[in-house]
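One structure is given below, encoded as structure tokens.
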């Protein structure tokens, strides 16, 4: 029961990130927001590591992986925030969350020349159909829908993060995440002319805390703890809560309208992800099945 609560907590937190990011993009630039998000997230995760006495030591290869991952995490968040600014939070929460694992599976299977089963091919087709419905491709206009383009770029960047971090030992996952968050903040800092922070505003401060501490530090820790107890396969099933919560929060707090194409497309895409046996692609399992 406690484990399920931890995982639901993590999923709700991740779902809320889309709304918080939408609000914060009215007060920050994308680079400023990446810097503050991951600096605070690293601090929050450091507290968790110290409380549970988890070692901060990693192998040299894992340090290097965390740095390389942080480069792609920076790029991913840049397009995530830009997409959330120009498009609706609910659309991003459904499209990116369901498209990430599908694109990851397809790209990795092509790189390693894995022969796809009929079930996997059907799952990929469903994912493609669902995405087409969500973005309403028959109405797509780049000048109007550039937010959607940014979300699609996110889906292309995510497989790189998956490949790099896939061989990190589970017991080192939180420490790895800490360094990845810290490096992401430091890398972004080099591209800032000056470090700005808006004057005190309850709404802005609350959403920054929600995005950084609640939606990144605590959610990451809760997910890794839950998956260590239940196993990654069972834990990954909870990810399907994310698109649902992002839509609910966007409707409640941003008054966004949810159209029928997003609902149907989301269901179709989620079905495809489910058929691929979990949200996150397990690279070790992939190699074992070759």
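The values are calculated or read from the model by the stated rules, or taken from the named source; none is laboratory data. Note that the structure is a prediction, hence the values are computed from the model and not measured. Reconstructed Cβ throughout: ideal geometry from the backbone, glycine too, with neighbour counts over all protein chains shown.
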Evaluation of residue 28 against (1) at pLDDT below 95; (2) in a helix (DSSP H, G or I) (one fails), failing number: (2)
Enumeration of residues in the stretch 129-143 that are surrounded by fewer than 17 Cβ atoms within 10 Å (Cβ to Cβ) and either out of contact with any helix residue (DSSP H, G or I) (no Cβ under 9 Å at 6 or more places or on another chain) or assigned to a helix (DSSP H, G or I) (or both): 129, 132, 137, 138, 139, 141, 143
Number of the exception - residue 153 against (1) within 18 Å of the chain's Cα centre (by Cα); (2) within 14 Å of residue 69 (Cβ to Cβ): (2)
Subset of the stretch 177-190 [surrounded by fewer than 20 Cβ atoms within 10 Å (Cβ to Cβ) and in a helix (DSSP H, G or I)]: 186, 187, 189
Verdict on residue 173 being more than 28 Å from residue 52 (Cα to Cα), out of contact with any strand residue (DSSP E or B) (no Cβ under 8 Å at 6 or more places or on another chain) and outside any loop (DSSP other than H, G, I, E, B): no
Qualifying residue in the stretch 66-74 (condition: closer than 17 Å to residue 219 by Cβ, touching a residue at least 24 places away in the same chain (Cβ under 8 Å) and not in a loop (DSSP other than H, G, I, E, B)): yes
Matching entry among 236, 217 (being crowded, with 17+ Cβ neighbours inside 10 Å and at pLDDT 85 or above): 217
